[in-house]
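The values are calculated or read from the model by the stated rules, or taken from the named source; none is laboratory data. Being a predicted model, the structure only gives us computed values, none of them experimental. As a convention, Cβ positions derive from the backbone with ideal geometry for all residues, glycine included, and neighbour counts pool all protein chains shown. Please note that ligands, DNA and RNA were not included when accessible areas were found on the heavy atoms of the full protein model with its side chains. Shrake-Rupley method; radii C 1.70, N 1.55, O 1.52, S 1.80 Å.
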Amino acid sequence: MSESSKSTSTAASGGGRGQVMEVTGGVQIQQSRGLPDFLQSVNLKYVKLGYHYLMTNLLAVCLVPFMSIIVVQASQMKHDDLYQLWLHLRYNLVSVIICSIILAFGSTVFFMTRPASVYLLDFSCYRPPTHLQVQFRSFIEHSRLTGDFNESSLEFQRKILERSGLGEETVVPEAMHSIPPRPSMQAAREEAEQVMYGALDNLFVNTNVKPKDIGILIVNCSLFNPTPSLSAMIVNKYKLRGNIRSFNLGGMGCSAGVIAIDLAKDLLQVHRNTYAVVVSTENITQNWYFGNKKSMLIPNCLFRVGGAAVLLSNKTADRRRAKYKLVHVVRTHRGADDKAFRCVYQEQDEGGKTGVSLSKDLMSIAGDALKTNITILGPLVLPISEQLLFFATLMARKLLNVRIKPYIPDFNLAFEHFCIHAGGRAVIDELEKNLQLSREHVEASRMTLHRFGNTSSSSIWYELAYTEAKGRMKRGHRVWQIAFGSGFKCNSAVWKAMRNVKPSPKSPWLDCIDRYPVEIRA
């Protein structure tokens, strides 16, 4: 053994102490050691979990001694004590009656005016045909053959594809497979029909709900808004009733799916005993960019064909068969800020070609919007333990000027599942880092981006379908859907599972879930 080599062994001895024998250059030195440093050895994760459990059950902890005292006192009451209590109530009969009437009236008003519960019976995601899948090599070669892109633009798109997190099975519309491409109005209508009708057909079959029973219809598609509207196309296709309340949301970006859910929720509070259908999609055919401006080429590489149809109900009888209950919707709009307003912007380039430009400040703007959104959402969903820790840290920083790091609430205590809009790899990476999420928490988002690409407002539904297909959704689990969109907006929807949820028939993951998760190239 060389002079610089060391080895350390520990032997236990009486009284809870040990001996450390250090061998250095052949010389043995014995040193006594006291109790371990608990501040270093205690796993703070378990301390935090214990604190969380205590604060969550604080009311029960306080009530147990109180109820015990009442039970003890009641057990010691004699017959005369009970008789005296009866006489007291008898001689104060008027007071008892008035209190009973007030209690009954208050209970009636409460149950009559409280918001109706909104249930999600089922949802269906469109599964594109395999013959429309596009591999990276084919994508670049096809772009070259159109003659619209220079070598610099082609190389830029190749790099974006390789770093995007997309796989080789994503789908572009049929019109983009033609040479030259044919972005006509008719081709755009055909894409919309295939996606919307494909999702709705499956939804109606899975739920056994007749189209005539639908009282509310909401369609959101940001970039394709023909006349008649997309909602009118659905009314015509399925012969929906004449007094249906239909809405068509346009230009609201990738977060419009949550906006549509919020609108449906508000309508279901007013129109009782009815169904609402929300259709979330995007249309690529007429919105492909054929220029060479780098910031406008990125959507070509990320956006792919997809759509989802969601069936909601406010009927109490549907509680048993519902998959989820809507708990909260929180919407944040940063459009008053000019930089946020223009960070995702549809415009024409110098050559007059139309596309959607993505600002280099997009990630920081999205971060600010998310910060505002979770500041509002936090008190609604976080346990009291996390709120107290956050508040205490905030007071120490703001009032006492104590230099400590701001406390980041642990959203793992509020949600079991996260559906982060699959807008791109960078978005998912940043949320994983800043919200301190595990790889499994963001797995649904990463795999959706890999298998289906950025399907805009419907991506959060492909992610929820992934979680179901993996068999991870159990009764009582809470789901947080987070979506970002132009404007700039950050919107959240919170759902609670009503039962152990199984994947719906014809799930978009039906034929490939066993292959996931997959490793994504760095």
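Some notes on this structure:
- Being more than 27 Å from I420 (Cα to Cα) and not in a strand (DSSP E or B) holds for only one residue in L267, L240, and it is L240.
- Residues within region 432-464 that are under 21 Å from D122 (Cβ atoms), assigned to a loop (DSSP other than H, G, I, E, B) and not polar (S, T, N, Q), tallied: 0
- Pairs where the first residue, in region 362-374, is within 9 Å of N491 (Cα to Cα) and the second is part of a helix (DSSP H, G or I) and open to solvent by 20 Å² or more (accessible area, probe 1.4 Å), C-beta under 9 Å, 6+ apart: L370/E430; L370/N434
- Residues (farther than 24 Å from V479 by Cβ and either in contact with a Lys or Arg (Cβ under 6 Å, 6 or more places away or on another chain) or open to solvent by less than 10 Å² (accessible area, probe 1.4 Å) (or both)) located in region 320-345: A340, C343
- Here F484 clears all of (1) under 29 Å from A366 (Cα atoms); (2) in contact (Cβ under 8 Å) with a residue 12 or more places away in the chain; (3) in a loop (DSSP other than H, G, I, E, B); (4) open to solvent by 10 Å² or more (accessible area, probe 1.4 Å) except the condition numbered (3).
- Residues being out of contact with any helix residue (DSSP H, G or I) (no Cβ under 9 Å at 6 or more places or on another chain) and either assigned to a loop (DSSP other than H, G, I, E, B) or open to solvent by 60 Å² or more (accessible area, probe 1.4 Å) (or both) - total across region 372-391: 4
- A Cβ distance below 6 Å, combined with a sequence gap of six or more or placement on separate chains, defines the contacts here; from region 129-158, residues that are in contact (Cβ under 8 Å) with a residue 40 or more places away in the chain reach residues that are of a type outside the set (D, E) and loosely packed, with under 13 Cβ neighbours inside 10 Å in the pairs T146/P180.
- Any chance V195 is in a loop (DSSP other than H, G, I, E, B) and in contact (Cβ under 8 Å) with a residue 24 or more places away in the chain: no
- Evaluating A317 against the criteria (1) open to solvent by 50 Å² or more (accessible area, probe 1.4 Å); (2) of a type in the set (G, A, S); (3) modelled with pLDDT of 95 or more leaves one unmet condition, (3).
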